[in-house]
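So the structure is just underneath, and the comments pick up after that.
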Amino acid sequence: MSAPDFWNNQEKVREIVAERKSLTAVVRPLEEIVKADGNLAALVEMAQEDEDLAAEVPGELERLDQRLEDLETRALLNGPLDSSDAILSINARDGGTDANDWAEMLLRMYLSWAKDREYETEILDRQDNEEAGINSAAIAIRGPMAYGYLKGEAGMHRLVRISPFNAEGKRQTSFAAVDVSPEVSDQIDIEIQPDDIEEQVFRSSGPGGQHVNKTSSAVRLIHLPTGIAVACQSERSQHKNRATAMKMLRARLARIEEEKREAEQAAKYTQMPKVGFGSQIRSYFLHPDQRVKDSRTNHTVGNFHAVLDGNIQPFLDAYLRYKVAQKTSK
């Protein structure tokens, strides 16, 4: 990074800076724990002669134990793509307008989680619903181990509440599907044949001024062998939207390769949890009581609004531990 020509290639700069952040996110906590362990040993020695200091030992021990547990959980992020940035997509499913509103609530939840962790976010595509909420959205979340943490979020998310869109005030169940792919760099070999791609251009539907809405700057790419379709309309330039859409397509194909690898590992065991679209992984209840429960790990939080404000890290950590437990128990 100190080389005179380092900043000339901004794409390369972003990759190296991101790699440095990922490494620092592992090394720095480890260094801090080693230092805290030395401080605790010194505190215990002095506490033998000072009752006031002795009273501080249990609290310091508890804090060190919690930091060690956090580091152990982070060490579970050892997949080949876990250190990658993430591309997360959300699609409204069953539930009518409630499902569109629910999809937008999930979008805000993930953006809040990323903000709390000081991750960078970029909205790659957003299709608003005419009545309320969104039909779909795709966002990039960039930060240390973003994909490793978020990959367990793929699947169906269910909301149960009294519908604000129902005049009779009936309880409504809504579904939104979440998919997560690693944002892979150009250094990772993902072979895409030009003949395998169908490109469509269209006018952007979101806000952004006359240029965005009146020119065919938005791009949709369809990968014919797999049927995967991605779209981007976040930029004014069709060229930039095409480049971003290609990144999204590479990410989806990388995720397929990752799923193949996971399936090969799963073949060693008699039972493995479902991942991807079609699996109901978590239920969010606002009626009759307020709680959020993960159907895989059984981790439950009684504060619905805290979870929707982005406090999903306990669910992510519980899923990492659950995956390890599944493997070791077999």
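Please treat every number below as a calculation from the coordinates, not as lab data. Keep in mind that this is a model prediction, so the values were computed, not measured. Positions of Cβ are generated from backbone atoms using ideal geometry, with glycine treated the same way; all protein chains shown enter the neighbour counts.
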The base-10 log of I(q)/I(0) that the Debye equation returns for region 42-111 at q = 0.18, 0.27, 0.28 Å⁻¹, one scatterer per C-alpha, is -0.83, -1.08, -1.11
Expected sort for Thr173, Thr121, Thr24 with the fewest Cβ neighbours (10 Å cutoff) up front is Thr24, Thr173, Thr121
Using alpha carbon positions and the Kirkwood radius, the Rg to Rh ratio of region 1-157 is 1.15
The chain: longest segment with zero exposed GluC sites (Glu not before Pro), where exposed means DSSP loop plus at most 11 other C-beta atoms within 10 Å, is residues 192-330
Most exposed first, judged by fewest Cβ atoms within 10 angstrom, Ile222, Ile281, Ile90 run Ile222, Ile281, Ile90
At 37 °C and 0.692 mPa s, the Stokes-Einstein diffusion coefficient in µm²/s for the chain, with hydrodynamic radius from the Kirkwood sum on alpha carbon pairs, is 148 µm²/s
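Exposure proxy check: Tyr147, Tyr284 ranked by fewest other beta carbons within 10 Å? If you can, show how the numbers build up before the last one.
Details: Tyr147 28, Tyr284 22.
In increasing order of surrounding Cβ atoms, one gets Tyr284, Tyr147.
Using the Kirkwood formula on the Cα atoms of region 6-74, what hydrodynamic radius do you get, in angstrom to one decimal? Present the calculation step by step, with values, prior to reporting the outcome.
Details: mean 1/r = 0.0691 Å⁻¹.
About 14.5 Å for region 6-74.
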Between Glu191 and Ala55, Cβ-based FRET efficiency (R0 51 Å, step 0.05) works out to 0.20
